[in-house]
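The values are calculated or read from the model by the stated rules, or taken from the named source; none is laboratory data. All of these numbers come straight from a predicted model, not from anything done at the bench. Here the Cβ positions follow ideal geometry from the backbone for every residue, glycine too, while neighbour counts run over all protein chains shown.
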Amino acid sequence: MPYFKDADDVYDLLGGLFRQGREHADLAPKVAASKILIQFQYREPEAVITINARNPQEPPFDVILGPTDIKPDVVMSMKADVAHEFWLGKVNLLTALARRQIVAQGPVSVAIKLVPVLGPAFSLYRQLLEQKGRPA
Amino acid sequence: MSGWHGRYLEVDLGGGRVQARAWPETWGEHFGGGSGLGAWLVWSELGAALPHQDPLDASSPLVFFTGPLTGSGLPGTARSVVCALSPLTGIWGEANAGGNFGPVLKAAGWDGILIRGRAARPCWIEVGDGGAVMHPADDLWGRDTYETTAVVLDRALRGALAAVACIGPAGERRAPLAAIIHNRGHAFGRTGMGAVMGSKNLKAIAVGGRTLPPAASPALLREVRARMLGKIREHIVTQSLSFAGTASSIDLSSLSGDLPVRNWTRPGWEGAEAINATSYESILVGRESCFACPVGCKRRVRTERAEGPGPEYETLAALGSLLEVADLGAIAHANEICNRAGLDTISLGGTIAMATELDEAGLLPAGMMGSLRLRWGDAAAMVEAVRQAAAGEGLGRWLAQGTRRLAAALPDDEAIRDAAVHVKGLEVPMHDPRVNHGMALAYATSYRGACHVSELNYFLEQGAASMPVLVPGEPLPGPSGEGKAALLAAAQDFTGLACNCLLFCYFVLVALDETDVCQAVEAVTGRPATVAGLRETGERVWMLKRLINTARGVTRRDDLLPARLLRAFDEGPVAGSSPEPESMLIEFYRLRGLDEEGRPRAETLARLGLPMAGAR
């Protein structure tokens, strides 16, 4: 059974994670400094989240929920359930990319530069689930 | 005999004799090439003397060998290997390196070189298609590897494609951590092969030539090459290596708990970002490739105190995170000191970490330390410790001998024994087995001591590499011992053969599978190659090295991991994870056909066509 009920549920939790990241003392400046423009495309259910740290309207970075005309540098595609497991720290990024559970389109440099922000984001996601009374 | 010349050079440094030796095609079938042939030559050369042979005695052989694919132009086949009894561990020793030494040695018309004896005076050898010539090296003795390489390249084989492998002052002093350095940035790093070369008064080997043996099937070779290149372009590991070099692993290792910190006692370290791929850009000036490699994972750096080949992942961790040194400039400097002196950065980093822990605890005698004070995170002290090891001064004299000898020189104390993190005398490389428990078994049972590149277990276990015939299905959970003995045995056989005998680059192999390897062998040698056949060859080679180690006294009590690596952390990415190598070891011995003491059973040796222990 999929973890997320529908796209709104994805936006609430995964979108919520990125939005809370904007306030995070450690995470926010690192994402801003990366100047990254990355889009996450989810399946089952379908949803799209874009992070714009290149030229944000609301620094440190914009979190855009749903389709957008902005052209990302890199697109990461995966099942929404894989994303959930990933942000819980249960998915090895290298393995997921090698086995194409997560498919990256665009320069691998972007994915590499994002890795240092993952540690704090894992903790943030667990806190978010707890706040919303959702199981891990 | 496609892929080979069918001959190697035999150099007797004591008598000043050089002879061409033909070797039979059956050796290639039985031992694959590379360190498989090296092991057979060392075994045969030493005969009954093997159990008690001093690795640094003049009569101990030193073997350089290529693989059948070396020089074929296939991606990831630039490597060559050096083999001998190890002066660091006392057991089987081997180290392989990329660059172009292997392809050029083969282009000189030779598959390998066997060196025995000791020259009366320092010498270097010039190898071409006519054989080898010995030259005096009195004026090179004492020079570092960068200077030596430049001088020898200038003198040798003028006008011909040439490559040099040489030792620095550490090898001349026969320091057990001494490496052989090829063209400045490629290290035959582990197990003290530089000390063996130094014990022979052999400063350098220069090779040059232009005659590579033709492949049996050029059409199949082109097809295999094209497919390999496609896979290498697509695979995340080779993409990352291409983009950011091996430093690209720092963040992922830190995230997973793989990166060792403070002599393996901490589950994480905030300083990792100071030595990661992004930080590396601040010292980066260029990238380099080995012969015919599309990946190009090598990096050139420039800092105030270093210019040339940059530190790689293992060095960044060994001289960085392991010591909590968050100073990339200092690590680059220390790396260059090691390269110039010819020292293994992994083992030296491990030994400095041990010394730092003991010095912090007041367990190192003042007479040993001199004025040096080692503290966690002290970059200047780390560089000074490396400098002393390179110069053979002060504490450095001990550091260049490794953790086991340093511990043996100190009072018998539990804290001292615990801080010496090695297996069979070889310092543990920079991947924490608490993340993937199969690595605990891999370290415990590798024929050269704690080693992460004896086979591809590291990438296979986490599922980043795929060998669908040998390892079908989904990756096994990392922090568990279940199924890991079978995985490791398969990895040791097939990927061990691929990495150490066929001499595929470890990183390129990550992107390939069994079919690629088999077809590469067929294309070059013309011999049909099956997964089962190559696996059996790999098993034979592993068992031969085990046989050598058994003759050197290795038993089950040596197939152990340092207690420190079996203690679970309370926090961090692998909190609560503790490998249980004993249960894995029992299953491993059964699968391998070893007895309860870890010795090859007679029926196992007979099945593999190997000689009985003690019979030659």
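Out of the residues in the stretch B:262-272 that are crowded, with 17+ Cβ neighbours inside 10 Å and within 10 Å of chain A (Cβ to nearest Cβ), which is farthest from B:Met439 (Cα to Cα)? Within the stretch B:262-272, the match that is farthest from B:Met439 (Cα to Cα) is B:Ala272.
Of all the residues in the stretch A:16-42, those that are buried (at least 19 other Cβ atoms within 10 Å of the Cβ) and small (Gly, Ala, Ser) number 4.
Does B:Leu177 satisfy being more than 14 Å from chain A (Cβ to nearest Cβ) and under 30 Å from B:Arg527 (Cβ atoms)? Walk me through it before giving the result.
Working: more than 14 Å from chain A (Cβ to nearest Cβ): yes; under 30 Å from B:Arg527 (Cβ atoms): no.
So B:Leu177 does not fit the description; no.
Out of the residues in the stretch B:36-74 meeting the condition of being assigned to a loop (DSSP other than H, G, I, E, B) and without any contact (Cβ under 8 Å) to a residue 40 or more places away in the chain, tell me which one is farthest from B:Ala119 (Cα to Cα). Before you say what the answer is, go through the steps one by one.
The initial filter retains those residues of the stretch B:36-74 that are assigned to a loop (DSSP other than H, G, I, E, B), namely B:53-61, B:66-74.
Checking which are without any contact (Cβ under 8 Å) to a residue 40 or more places away in the chain leaves us with B:53-54.
Values: B:Gln53: 19, B:Asp54: 17 Å.
Checking each candidate, the answer is B:Gln53.
Can you find a residue in the stretch B:203-218 that is among the basic types (Lys, Arg), on the phi < 0 side of the Ramachandran plot and surrounded by 22 or more Cβ atoms within 10 Å (Cβ to Cβ)? The answer is yes; a qualifying residue exists. For the stretch B:289-302, the count of residues that are farther than 30 Å from B:Arg225 by Cα and touching a residue at least 12 places away in the same chain (Cβ under 8 Å) is at least one. Pairs linking a residue in the stretch B:369-382 that is in contact (Cβ under 8 Å) with a residue 60 or more places away in the chain to a residue that is buried (at least 19 other Cβ atoms within 10 Å of the Cβ) and assigned to a helix (DSSP H, G or I), with Cβ atoms under 7 Å and 6 or more positions apart or on different chains, are B:Trp376/B:Leu323; B:Trp376/B:Thr356; B:Met382/B:Leu323; B:Met382/B:Ala330; B:Met382/B:Ala334; B:Met382/B:Ile352.
The residues of the stretch B:143-165 that are in a strand (DSSP E or B) and at pLDDT below 95 amount to a single one, B:Ala162. Scanning the stretch B:509-525 for residues that are within 12 Å of B:Arg225 (Cα to Cα) and among the acidic types (Asp, Glu) yields a total of 1.
Given B:Leu259, B:Leu284, which one is touching a helix residue (DSSP H, G or I) at 6+ places or on another chain (Cβ under 9 Å), more than 10 Å from chain A (Cβ to nearest Cβ), farther than 29 Å from B:Arg564 by Cβ and at pLDDT 95 or above?
B:Leu284
In the stretch B:459-484, which residues are in contact with a helix residue (DSSP H, G or I) (Cβ under 8 Å, 6 or more places away or on another chain), in a loop (DSSP other than H, G, I, E, B) and facing chain A (nearest Cβ under 10 Å)? I'd like the intermediate steps shown before the answer.
Narrowing the stretch B:459-484 to residues in contact with a helix residue (DSSP H, G or I) (Cβ under 8 Å, 6 or more places away or on another chain): B:459-471, B:475-476, B:478, B:481, B:484.
This time we only want the ones that are in a loop (DSSP other than H, G, I, E, B), so: B:462-471, B:475-476, B:478, B:481.
Residues satisfying the conditions are B:Gln462, B:Gly463, B:Ala464, B:Ala465, B:Ser466, B:Pro475, B:Gly478.
Taking the criterion of being over 15 Å from B:Asp327 (Cα atoms), assigned to a loop (DSSP other than H, G, I, E, B) and under 28 Å from the mean Cα position of the chain (by Cα), the only residue of the stretch B:368-389 that qualifies is B:Leu374. Considering the stretch B:440-458, and only residues there that are away from chain A (no Cβ under 12 Å) and among the aromatic types (Phe, Trp, Tyr), the residue that is surrounded by the most Cβ atoms within 10 Å (Cβ to Cβ) turns out to be B:Tyr443.
Return the residues of the stretch B:390-406 that are of a type outside the set (Lys, Arg) and assigned to a helix (DSSP H, G or I); say none if nothing qualifies.
Of the stretch B:390-406, the ones of a type outside the set (Lys, Arg) are B:390-396, B:398-403, B:406.
B:Ala390, B:Ala391, B:Gly396, B:Trp398, B:Leu399, B:Gly402, B:Thr403, B:Leu406, listed by residue number.
Please specify each residue of the stretch B:156-182 satisfying the condition of being closer than 16 Å to B:Ala108 by Cβ, surrounded by fewer than 22 Cβ atoms within 10 Å (Cβ to Cβ) and of a type outside the set (Gly, Ala, Ser). Correct list: B:Leu157, B:Arg158, B:Leu161. Contact annotation: residue pairs with Cβ atoms under 7 Å, 6 or more positions apart or on different chains, pairing a residue in the stretch B:305-334 that is at positive phi with a partner that is buried (at least 22 other Cβ atoms within 10 Å of the Cβ) and of a type in the set (Val, Ile, Thr), are B:Glu324/B:Val261. Got at least one residue in the stretch B:232-239 being away from chain A (no Cβ under 11 Å), among the hydroxyl-bearing types (Ser, Thr, Tyr) and on the phi < 0 side of the Ramachandran plot? So far as the stretch B:232-239 goes, no, none of its residues is away from chain A (no Cβ under 11 Å), among the hydroxyl-bearing types (Ser, Thr, Tyr) and on the phi < 0 side of the Ramachandran plot.
Applying the criterion of being assigned to a helix (DSSP H, G or I) and among the hydroxyl-bearing types (Ser, Thr, Tyr) to the residues of the stretch B:509-568, the residue that is surrounded by the fewest Cβ atoms within 10 Å (Cβ to Cβ) is B:Thr515. Taken over the stretch B:79-103, the criterion of being assigned to a loop (DSSP other than H, G, I, E, B) and either among the basic types (Lys, Arg) or closer than 11 Å to B:Ser35 by Cβ (or both) is satisfied by B:Arg79 alone. A single member of B:Leu591, B:Leu547, B:Leu512, B:Leu497 is in contact (Cβ under 8 Å) with a residue 60 or more places away in the chain and touching a strand residue (DSSP E or B) at 6+ places or on another chain (Cβ under 6 Å), and it is B:Leu547.
Of all the listed residues (B:Leu221, B:Leu229, B:Leu202), the sole one being more than 30 Å from B:Asp154 (Cα to Cα), of a type in the set (A, V, I, L, M, F, W, C) and out of contact with any helix residue (DSSP H, G or I) (no Cβ under 7 Å at 6 or more places or on another chain) is B:Leu229. Pairing each residue of the stretch A:23-47 that is among the basic types (Lys, Arg) with any residue that is surrounded by fewer than 19 Cβ atoms within 10 Å (Cβ to Cβ), provided the two are 6+ apart or on different chains, yields C-beta distances under 8 Å for A:Lys35/A:Arg54; A:Arg43/A:Ser77; A:Arg43/A:Lys79.
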